[in-house]
Amino acid sequence: MLRFYLGFTAKNMWRRRRRTLLTAAAIAVGIMYFVVFDSLLAGADRDAQINTIDFETGHLWVSASAGSDDAVARPTAENTIPSGQALAQAIAELSGVAGAAPRLVFPASLIAGLDELPVSVVGVDPEADPQVFRVSQFVSSGRWLERGEEGVVLGRRIADLLQLEPGDLVTVRTQTAGLAFQAVDLAVVGTVETPHPTVNQSQAFVPLDAAQSAVGAPGRATSIHVRARAAAQVASQRDLSSLAKSIPMLACWDPGWHVNTWQEAASFLTIGSTKRTFAMILLGLVVVISVIGVVNSILLSTLERVREIGMLKAMGMDERDITAVFIMEGGGLGLLGCALGTAAAIAGNAYFVNVGLSLRAFIGDMDLDIGYPIADRMYGVWNWTTMLWAIAVGLAVALAASYFPARRAARLDPAESLRRL
Amino acid sequence: MYLIEARDLTREYSHGRMTVPALTGVDLDVEAGEFTAIAGPSGSGKTTLLNLIGCLDRPTRGRLIIDGDDVSSYTPSMLSGLRREKIGFVFQTYNLIPVLTAYENVELPLVLLGGGTRSETRGRVMSMLSEVGLAGLENRRPMDLSGGQQQRVAIARALVKQPRLVLADEPTANLDSENSEAILALMKTLNETMGATFLFSSHDPLVIGYARRLVRMRDGKIALDERR
C-alpha cells in the first residue's frame, strides 16, 4: 500500500511539475540562504576570534587596570606595569606558556610633511612580540623591527594615507606622563598589512625602549600578553583558566594587576548573540516560505482535484487516507525543496569557504571598520549541524503546512465532490 | 433477504431558508443479482437515490439496509469501509485517476482493500482488464484511451474487488450508441457471470431496454416499478 501511495504522490507531483518545482525552489532558496548566512557569520566569528588573539590580546594579558578599555590612554604610573620586560620573562617561563611579550600602547600623532594622523603607537619587544602576535608575519614592504633601533613599522593604511614608504622619516608627537609634549623622528622600516583592520588603519609599531623613552615611562608596559600552548587555535576560557590562576602566583606579582582572557577584549562576542537572532530570523523566513509555498501548492491541488477526491472516497478511502495522500505530497515538496536546498547550500558554501565574500564589493575603497576584527573578506565555515537543522525544519514545516489543506480535502462531501465540474 | 432495503428514504437540500426535496419517501427492495435500471427525467431523483444507496450521501429521513446491515447510523469511517468492501461505482464521466495507468486505476480498489500478494493482485487486475476487452492497454493513461475504453476501465475498477453491488450513474451518457451498446452488453455479461447486482440510472431507452427491472422515477418518488 505504501509503495502505491509513494508512486501516486510522485505522479501527482510530476503532474503539476512547474508548481512543484517553484514551491521546492522557494524552500530550497530559503534553506540555502539560511545555511550560507549562518556559515558566513560563523566564519566571521571564527576569524574575529583568531584575529583578536593573533593581533590584539594573545590568549591572556596582564594589565594594571581591570577589564578592557577600548580607548587608548596616555600611560601613567597607575595604568602601567613597571619592569614589564622582567614580568614577561617570568610569565614566559611558566609551564603551558608558548610566549609572553610586553607592550606599551599610547595615543600619538604621526606627522609627515603637512599631513598629520592620529594613531596608536604600540611599543613592542621585536623578538618577544612574534612569539605572541603574528604582526611580524604580515610585513608588506620593508622589514620588521630590530631591538634598539629608532624605527617604526606602520599599518599599511597609515602608510598609504601619509604616502610613506620604508626609508622615509616620520615624526611621532605624543605627551609624556608629565603632560609635556614630545616629538620623536623615526625612520619607517616597514609596513604591515594584516587580516586585522585596526592594525592596518591605526597602529604604528616601535621598539619598546623607544616607546618608553617617547612617553617618559622607562621600563614600563601597559600590558603583558601571553600565548598559551593550547591545542586549539582559539583556546576556550576553560583551557586558559589554570594558566590564568598560575600567573598571579609569581613572586613579582602585584595584587593591583589583573589577568584578562582574550574573550574579555572581544566586544564582538556581543555580536554573536545578534548573529543568533539574525539566524533565527532567517530560519523563520525559511518557515514562512515553506508554509506559504506548501499551503498554496496543496490547496490548489485539492481545489483542482475535487472530483478525484470524491472518486477516491467513493472507492472507500476514509478521511485519514485522503489526509495521508495530501500530506505525502506536502512531504514530497519539502523533501525535494530540502534536497535542492542542500545541494545549493553545499555549492554556495563551498564557494564562500574557499573564495569568500569580498566586503569591498559593498563599501568600495572606504575605510573598513565595521567594529568587527576581520579583513575585507568574509569566509564561510562548514557547519553540518546547521544544515541538518535547516533540512529538518524545512521538512517538518512542509509536512505540518500540508496538514490543514489536506484535512480540508478529506472533509469534502463525496456526493458533492463528484457533482463538481 | 434483500441486498438493498430502502424504507421511506427522503433527501432534502437546504438553500438558505428554502428546503428542496430531492427524494420523498422512497421504498425500494433490490435482490442480489438483479440488473435494474432507474429511469426518469433530469431532476427526478435518480442520482440522489443512487448516492444514498451508495452511502455517498445520508438521507434526511428513512432507513437503508444494505446486505442486512442498517447503515443509517454508520459513522463516516464505517461508510467508507462499506463502500470499500461491497460497492463499486461507475460514473458518466468515468472519473478515472488521470495520473494512473489503466492497470493502476483497476489496481487501486484492491490496494485499498489490502491483503493480497503482488502476484495475486496482478493476476486479478489483468484478468479483469481482459474481461472488459482491454488486454494490452494496461499501461495507457486515461488521456490515451477513447471514451468507451475509459468506461471499460471504470467498469473493471468497479468489479475487480467482486463487490456485492455495482452502482452506475448514467454510464453511457457520454458514449455513442455503438459504444453504449457494447458497455451495456459487457455489464449484463458481468452481471450474469460474476453475479454482481447492478443498479444503474439512465434516461436512454437503449439502456432501459437492457434492464430486467425498471424503476421509473418522477418528482423524487417511484412512479413505476416493473420486472420483465
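Some notes on this structure:
- Scanning the range B:107-119 for residues that are assigned to a helix (DSSP H, G or I) and either under 15 Å from the mean Cα position of the chain (by Cα) or more than 25 Å from residue B:197 (Cβ to Cβ) (or both), we see that the one that is farthest from the other protein chains (Cβ to nearest Cβ) is B:119.
- Filtering the range B:75-100 to residues that are surrounded by fewer than 21 Cβ atoms within 10 Å (Cβ to Cβ), more than 9 Å from chain A (Cβ to nearest Cβ) and within 16 Å of residue B:151 (Cβ to Cβ) leaves only B:92.
- Matching residues in the range B:32-58 - criterion: being assigned to a loop (DSSP other than H, G, I, E, B), of a type in the set (A, V, I, L, M) and within 13 Å of chain A (Cβ to nearest Cβ): B:56
- Close pairs from the range A:241-254: first in a helix (DSSP H, G or I), partner polar (S, T, N, Q), Cβ under 9 Å, at least 6 apart: A:241/A:261; A:243/A:95; A:244/A:237; A:244/A:260; A:244/A:261; A:246/A:95
- Any chance residue A:346 is away from chain B (no Cβ under 14 Å) and part of a helix (DSSP H, G or I): yes
- Selection within the range A:394-421: residues that are assigned to a helix (DSSP H, G or I) and within 13 Å of chain B (Cβ to nearest Cβ). The member of this set that is nearest to residue B:95 (Cα to Cα) is A:418.
- Meets criteria (hydrophobic (A, V, I, L, M, F, W, C), assigned to a helix (DSSP H, G or I) and not assigned by TED's automatic domain parsing to the domain that holds residue A:118) for residue A:210: no
- Yes/no for residue A:130 being touching a His at 6+ places or on another chain (Cβ under 9 Å) and within 30 Å of residue A:250 (Cα to Cα): no
- Just so you know, in the range B:169-226 the residues that are among the acidic types (Asp, Glu) and touching a strand residue (DSSP E or B) at 6+ places or on another chain (Cβ under 8 Å) include one that is modelled with the lowest pLDDT, and it is B:170.
- Any helices (runs of 4 or more DSSP H) falling wholly within the range A:1-106 and containing at least 3 residues that are crowded, with 23+ Cβ neighbours inside 10 Å and touching a Ser or Thr at 6+ places or on another chain (Cβ under 8 Å): A:17-51
- Some residue of the range A:28-38 being of a type in the set (A, V, I, L, M, F, W, C) and touching a Lys or Arg at 6+ places or on another chain (Cβ under 8 Å): no
- Listed by position, the helices (runs of 4 or more DSSP H) enclosed by the range B:120-228 that each have at least 3 residues that are loosely packed, with under 15 Cβ neighbours inside 10 Å are B:177-194, B:205-210.
- Pairing each residue of the range A:396-421 that is buried (at least 23 other Cβ atoms within 10 Å of the Cβ) with any residue that is polar (S, T, N, Q) and part of a loop (DSSP other than H, G, I, E, B), provided the two are 6+ apart or on different chains, yields C-beta distances under 8 Å for A:418/B:95.
The values are calculated or read from the model by the stated rules, or taken from the named source; none is laboratory data. No experiment lies behind these values; they were computed from the predicted model shown. As a convention, Cβ positions derive from the backbone with ideal geometry for all residues, glycine included, and neighbour counts pool all protein chains shown.
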